[in-house]
Amino acid sequence: MKRRALIQSMGTATALGISGVMLPSLARAQDRYAKYRGQTLVINIPAHPHYDAMLKLLPEFTRETGIKVEVDKLAMARLKDKQLLEMSKPQGDYDMISYVVMWKSEYVKKNLLRPLEPFFKNTTLADPQYDRADLVPRYVENIGLVGGPKGYLPGPGAQLYGLPYGAETSILAYRRDIFEKTGLKPPATYAELEQLLPVLKEKAGMGAMTSRGQAGHQCVHAWLLHLNPLGGHIFDDHWKPRFNDAVGVKALNLLKLISDTGPVGIPGYGQGEMITSFLQGQSAMYLDSSLIFGQVNDASKSRISGKVSYLLHPKGVRYSSQSGGLGLAIPRNARNADAAFLLMQWLTSKAQDKAVCRLGGVPSRMSTMMDRDMVRMYPEYIMLAEQIRYSDPDWRPIIAEWDEINIQALGVAISEALTGKKGAAEALNGMVPKVTDIMVRGGYLKA
């Protein structure tokens, strides 16, 4: 008996069985794509390691489906403005976008995204083998759900608007060789971390821990990494600011210590500079996005391959790690929404999730992290699967007003503290009136 053969012709995949009869499952897949063969999708993505890996998969998608893909790749700082411009038109240029989790509620509030349930319920589009339950639940909740409790958490009223793709949590990476050389122990708690930082800097002769610190979103992200495990939040249960309480001040003082004992330049570091400083051997520890996994092993970027181990994000009053990163969504005004869903479904399938990880991307599925071959390639997936249990979908308030609070208020205050212009308490206290005004304007608080 002949084995199944996959014959590719003019970008279309045709599967034949023993007698030349198309196999049922693959025939259905071909039928799913047949209507859209020849269409061209335009997708908007960031300059980001996960999406750099994704680009290498797109030719295979076109070969299998006959659907072409054009890519508009932008620097992360330009992404949102361009997306808002295109999605506000009667018909925009984008059929699919990659968005940062912080934007999801704003986009939905402005009626810019299509809900995904109608696509998954369309039997002519949905792949019965897709297995939505295998997607990392915390990532789906954080990246994709809007309308539930607080407007962004899972629960009554929540609807799915996006799928995780480039989603992440935080994890501690450390230079195993440096810790062996100095005889020090990597921190399991925040108390240990605080005591370790100055000692490690002195003994190792290098930055103890790298961090983001650039004004705006980047330094807020760094502060939130410590605020949540220490028991803090931005607001109380009634949307009144509490970020300036004792926990908020403690988290900011710790971030200042990290900056002072880290590699030179942290107050100007964005995500890229922070990652580079670790990969180039300028710091002994990294506590941030799990995106670091693929970067450590990339010989073209890393000088520390084979020298890094991983631990859970240290425990404060509780275990809590970042919930964030990137997702895929379909604009309300997309020209080719059905074909865009087919691409989204293909990219986030089990097979392609493994494929993008082999190229340096990050996993979106539990099965990828449990796969024996993938774990041989990335043994850190064992730690990642454990860390995801503590990923907090309420890590930050993903409300439509968050970007303004993040960039124009907290992003200014935290930068002032990191650069020494103000003390931690003074900087945070100074932004309470501004954030309160934003929340009053948004209808969360009474004037």
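The values are calculated or read from the model by the stated rules, or taken from the named source; none is laboratory data. Worth saying up front: this structure is predicted, and the values here are computed from it rather than measured. Neighbour counts are summed over all protein chains in view; Cβ atoms, including those assigned to glycine, are modelled from backbone coordinates with ideal geometry. Ligands, DNA and RNA are stripped out before the accessible areas are found, and what is left, the full protein with its side chains, is counted by its heavy atoms. Shrake-Rupley method; radii C 1.70, N 1.55, O 1.52, S 1.80 Å.
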Requested in this report: Among the residues of the stretch 417-429, write down those that are surrounded by fewer than 21 Cβ atoms within 10 Å (Cβ to Cβ) and closer than 15 Å to Ala215 by Cβ.
Outcome: Thr419, Gly420, Lys421, Lys422
Query - Qualifying residues in the stretch 193-235 (those that are in a helix (DSSP H, G or I) and basic (Lys, Arg)) - the one nearest to Phe179 (Cα to Cα) - result: Lys203
**Report entry** Test: Leu384 is closer than 24 Å to Ile97 by Cβ, touching a strand residue (DSSP E or B) at 6+ places or on another chain (Cβ under 9 Å) and aliphatic (A, V, I, L, M)
**Finding:** no
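Table: residues versus (1) closer than 22 Å to Gly38 by Cα; (2) under 21 Å from the mean Cα position of the chain (by Cα).
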position	(1), (2)
Glu86	no, no
Leu112	no, yes
Leu116	no, yes
Phe119	yes, no
Val136	no, yes
Glu141	no, yes
Query raised in the report: Given Ile234, Ile171, which one is among the aliphatic types (A, V, I, L, M) and under 30 Å from Gly443 (Cβ atoms)?
Result: Ile234
Query raised in the report: Can you tell me which residue in the stretch 364-395 is nearest to Pro49 (Cα to Cα), limited to those that are touching a Phe, Trp or Tyr at 6+ places or on another chain (Cβ under 7 Å) and part of a loop (DSSP other than H, G, I, E, B)?
Result: Ser364
Requested in this report: Give, as residue ranges, the helices (runs of 4 or more DSSP H) completely inside the stretch 94-150 that count at least 2 residues that are surrounded by fewer than 16 Cβ atoms within 10 Å (Cβ to Cβ).
Outcome: 117-120
Query raised in the report: Which residues, counting only those in the stretch 47-79, are closer than 23 Å to Trp103 by Cα and in contact with a Phe, Trp or Tyr (Cβ under 8 Å, 6 or more places away or on another chain)?
Result: His50, Met54, Asp72, Lys73, Leu79
Query raised in the report: Do the conditions hold for Leu312, that is, is it surrounded by fewer than 18 Cβ atoms within 10 Å (Cβ to Cβ) and touching a residue at least 24 places away in the same chain (Cβ under 8 Å)?
Result: yes
Report summary line: Matching residues in the stretch 253-270 (under 23 Å from the mean Cα position of the chain (by Cα), open to solvent by 10 Å² or more (accessible area, probe 1.4 Å) and in contact (Cβ under 8 Å) with a residue 60 or more places away in the chain) number 1
**Report entry** Single residue of the stretch 62-93 satisfying the filter (in a helix (DSSP H, G or I) and of a type in the set (Lys, Arg)) that is most open to solvent (accessible area, probe 1.4 Å)
**Finding:** Arg78
Report task. Restrict the check to the stretch 161-171 and report whether at least one residue is of a type outside the set (Val, Ile, Thr) and part of a loop (DSSP other than H, G, I, E, B). Result -> yes
**Report entry** When residues of the stretch 64-84 are limited to those that are within 28 Å of Ser289 (Cα to Cα) and among the basic types (Lys, Arg), the one farthest from the chain's Cα centre (by Cα)
**Finding:** Lys82
Requested in this report: Quickly run through the stretch 124-182 and pick out the residues that are in contact (Cβ under 8 Å) with a residue 12 or more places away in the chain and of a type in the set (Gly, Ala, Ser).
Outcome: Ala126, Gly144, Gly147, Gly151, Ala158, Gly162, Gly166, Ala167, Ser170, Ala173
Query raised in the report: For the stretch 200-214, how many residues are open to solvent by less than 20 Å² (accessible area, probe 1.4 Å) and of a type in the set (Lys, Arg)?
Result: 1
Query - In the stretch 362-408, residue most open to solvent (accessible area, probe 1.4 Å) [restricted to those that are among the polar types (S, T, N, Q), farther than 16 Å from Leu291 by Cα and in contact with a helix residue (DSSP H, G or I) (Cβ under 6 Å, 6 or more places away or on another chain)] - result: Ser367
